[in-house]
Amino acid sequence: MKHIKSCAQALNRWILAQKQATHGSESRLSGMVATLLMMVFGMATAFGITPGTSTRPVAVLPVIEDITQHQVTPAETPGVYTQQDTVHSGDTLAALLFRMGVDDRAALEFMRQDPLARNIFGQLSPGKPIRVQHLANGDLVSLRFPRGDDKTLVVRRADDHFQSAEEQAGHLHHVVQASGRIQSSLFAAADNAGIPDSVTRQLSQLFSTDIDFHNDLRTGDSFSVIYEASQDDFDQVKAGRILAAEFVNKGVTLRRVFFDGPDGGDYYTPDGQGTRASFLRSPIEFSRVTSGFKAERFHPILHTWRAHKGIDLGAPMGTPVVSVANATVAFAGWRNGYGNVIELHHSNNINTVYGHLSAFAHGLRAGQHIRQGEVIGYVGMTGLATGPHLHYEFKIGGAQVDPQGPSVPRHATASLSGRSKTQFLAATAPLVKELDAIRGNTLAKFE
Ligand SMILES: [Zn+2]
């Protein structure tokens, strides 16, 4: 684990450096708040998904390494006890405190009188955490209670009296890493690896330009993710942004790293290429290709060999169809064979075509501006169609290309060059090293 530790420390320094460089106002946190790295290796082994094959229990091997560099809480004072509990239904503050070992009339009296502290009485909703420090005789030393998302109400004993204050909630920043293997679905594998849903959603968005998560996933595909998490004063952990991720799909490795560059934060490939999607993989969220792009095919209705210059996406009648990129509507109406059809015009002389629609989006008309992901119509079977599906074409300079082929430009964000690329490579090197380390561990355990 030694090398992991040093990588993690490098990563830790990198995160602090990024925070200080780009969020000067947040650097106030770094003084009182320790950055903690928590390494979680939750790995789910892949087994066959064929019914009837042996199903060994899924191995989940969490290795948690706490490598706190700064002291998280002040050294325990001898004779001072720290307790945390949550508000139960029907609790009074006195009962709650008594349960935690506090028996202090003067403290309760102070909290009833003090304009700030008395807010606690009105906010005792079940499930809220509360943390106290007290002496063996029941005297309150301090009390912490959350107010909203970002503030903590603090009551402290100061010699012979009490003081109240509202503090910015202290957040411990963690970096969590996890990896998993696909057995049935991405969400199942992520669950096995203990990855929160918000992170899994980011993960699928991050790779959606290159991987169609409905059609392209295979058993044995694997992923690793490094993400931020913050822990509040009451040890509640909230997942944040992905810092780096790797996805191995059908043997092809894809990586993304986050970089807070001059134009704001974005994701790049490790060599500095932008990765934001210029065209969505599919105009329908969940669909399967029922007929691919072919130079020639036998037409089921016309009974002739014809080219199929688009792809057919099978989906139930009425499924929303979205624009794959920002566009203007070039045509919306009826065309022979296509039935109700929409043709969208995008930049760089690219057009997309959506055929056999049952209906158009309300008010859709030629010349209208459309945003990427906006609903333009609904799946149907108008024109020459044997069942409900979307016929989708991708045209570059007027000529159809395979919408899932390599001709379709995938990345819209500019690639980094010159000085910003140098900065990018230096800043993201620890993340790449970390991805390498996770991969090394995964191989050692599962190959
Ligand atoms: Zn078709």
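The values are calculated or read from the model by the stated rules, or taken from the named source; none is laboratory data. Source: prediction; values computed, not measured. With ideal geometry, Cβ positions are generated from the backbone for all residues, glycine too; neighbour counts draw on all protein chains shown. These accessible areas exclude ligands, DNA and RNA; they are computed on the full protein's heavy atoms, side chains included. Shrake-Rupley method; radii C 1.70, N 1.55, O 1.52, S 1.80 Å.
Observations
- Filter result for the condition that a residue is free of Cβ contacts under 8 Å to residues at least 60 places away in the same chain and not acidic (Asp, Glu), over Asn119, Asn192: Asn119
- In region 88-98, the count of residues that are open to solvent by less than 10 Å² (accessible area, probe 1.4 Å), over 19 Å from Lys238 (Cβ atoms), touching a His at 6+ places or on another chain (Cβ under 8 Å) and outside the structural domain of Leu435 (by TED's automatic domain parsing) is one or more.
- Filter result (small (Gly, Ala, Ser) and in contact with an Asp or Glu (Cβ under 7 Å, 6 or more places away or on another chain)) within region 341-361: none
- Only one entry in Asp159, Asp210, Asp197 is surrounded by fewer than 21 Cβ atoms within 10 Å (Cβ to Cβ), over 30 Å from Pro406 (Cα atoms), of a type in the set (Asp, Glu) and modelled with pLDDT under 85, namely Asp159.
- Qualifying residue in region 323-346 (condition: among the aromatic types (Phe, Trp, Tyr) and either away from the ligand (no atom under 12 Å from the Cβ) or within 29 Å of the chain's Cα centre (by Cα) (or both)): yes
- Residue in region 120-143 that is open to solvent by 30 Å² or more (accessible area, probe 1.4 Å) and β-branched (Val, Ile, Thr) present: yes
- Being polar (S, T, N, Q), open to solvent by less than 10 Å² (accessible area, probe 1.4 Å) and in the same structural domain as Thr253 (by TED's automatic domain parsing) is a description that applies to Thr428.
- Restricted to region 110-219, the set of strands (runs of 3 or more DSSP E) holding at least 1 residues that are more than 22 Å from Leu243 (Cα to Cα) comprises 129-135, 140-147, 151-158, 161-168.
- Test: Gly180 is crowded, with 16+ Cβ neighbours inside 10 Å, over 14 Å from Ala107 (Cβ atoms) and at pLDDT below 90: no
- Thr290 meets all of the listed conditions (1) modelled with pLDDT of 90 or more; (2) out of contact with any Lys or Arg (no Cβ under 9 Å at 6 or more places or on another chain) but one, namely (1).
- The criterion of at least 2 residues that are within 16 Å of the ligand (Cβ to nearest atom) is met, among strands (runs of 3 or more DSSP E) falling completely within region 365-447, by 389-396, 399-401.
- Odd one out for Thr253, checked against (1) in a strand (DSSP E or B); (2) closer than 18 Å to Leu280 by Cβ: (2)
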